[in-house]
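The values are calculated or read from the model by the stated rules, or taken from the named source; none is laboratory data. All figures in this text were calculated on a predicted structure; none of them were measured in a lab. Here the Cβ positions follow ideal geometry from the backbone for every residue, glycine too, while neighbour counts run over all protein chains shown.
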Amino acid sequence: MFPSNGGLRTTTGSPSVALGLHATWLLPKGLRLRPRFDYTVFAGETRGSTAAPLAQVLDTRVSSLALGVDLLVPLGARWSLGLAVAEVRWSVASTNTVTSTLGGSMTLSGTSHWTRLALGPVLTFKVSDHIEVEGRALSSHYGYQNQPANTAAVGLVWRF
């Protein structure tokens, strides 16, 4: 999963790893309903400032738990297009260390959580009876200021 907007990219750094559990219900006319539970851990980011008299280092780690559903419409034998809707619980763990040029330092740390709605398109390609390649883009928000949290993901879905 890739953070695709400035604020989330600044907080999380580089791409992330996600793991999910999905079920699939076949509906009339080839429609598929895919309830899903996904856990994503973004790479951490460290930012620093050496401005005197107080140097500062801020480490952040972002993760998310998403409970949602995809509605997929067939576009032929192998392709499907759909809409993803999820409730996402964003977690941001941060550690802020401030060091004085006169000596001594102070460290504050904590984790904040927000639950927000996420929406976006999903495109799947059926490779075999057990493997699908999935692309999805989700738009959500997080933080006290309700900042945009847009992500794009390419993943493998393995059915057993």
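A single entry from W90, W79 fulfils the requirement of being modelled with pLDDT of 90 or more, aromatic (F, W, Y), under 13 Å from the mean Cα position of the chain (by Cα) and surrounded by 12 or more Cβ atoms within 10 Å (Cβ to Cβ): W90.
Looking at segment 46-64, can you tell me whether even one residue there is within 16 Å of G143 (Cα to Cα), at pLDDT 90 or above and either surrounded by 15 or more Cβ atoms within 10 Å (Cβ to Cβ) or touching a Leu at 6+ places or on another chain (Cβ under 6 Å) (or both)? Checking segment 46-64: at least one residue is within 16 Å of G143 (Cα to Cα), at pLDDT 90 or above and either surrounded by 15 or more Cβ atoms within 10 Å (Cβ to Cβ) or touching a Leu at 6+ places or on another chain (Cβ under 6 Å) (or both). Return the pair list, or none, for Cβ contacts closer than 8 Å from residues in segment 26-47 that are within 15 Å of L81 (Cα to Cα) to residues that are modelled with pLDDT of 90 or more and of a type in the set (S, T, Y), at least 6 apart or on different chains. If the second residue must be modelled with pLDDT of 90 or more and of a type in the set (S, T, Y), the pairs left are R32/T24; R32/S80; L33/T24; R34/T24. Within segment 128-151, the set of residues being more than 22 Å from T46 (Cα to Cα) and in contact (Cβ under 8 Å) with a residue 40 or more places away in the chain comprises R136, A137, L138, S140. V127: over 30 Å from L54 (Cα atoms), loosely packed, with under 14 Cβ neighbours inside 10 Å and not charged (D, E, K, R), yes or no? It is true that V127 is over 30 Å from L54 (Cα atoms), loosely packed, with under 14 Cβ neighbours inside 10 Å and not charged (D, E, K, R). Annotation: of all residues in segment 12-45 being of a type in the set (G, A, S) and either farther than 26 Å from G76 by Cα or buried (at least 17 other Cβ atoms within 10 Å of the Cβ) (or both), the one that is modelled with the highest pLDDT is A18. Scanning segment 20-44 for residues that are part of a strand (DSSP E or B) and among the charged types (D, E, K, R) gives R32, R34, R36, D38.
Just one of the listed residues (T95, T60, T115) is over 30 Å from V157 (Cβ atoms) and in contact with an Asp or Glu (Cβ under 7 Å, 6 or more places away or on another chain), namely T95. Within segment 109-147, being farther than 19 Å from L67 by Cα and at pLDDT below 90 holds for Y144, Q145, N146, Q147.
When L119, L138 are checked against the criterion of being under 20 Å from A86 (Cα atoms) and either loosely packed, with under 14 Cβ neighbours inside 10 Å or of a type in the set (D, E) (or both), a single residue qualifies: L119.
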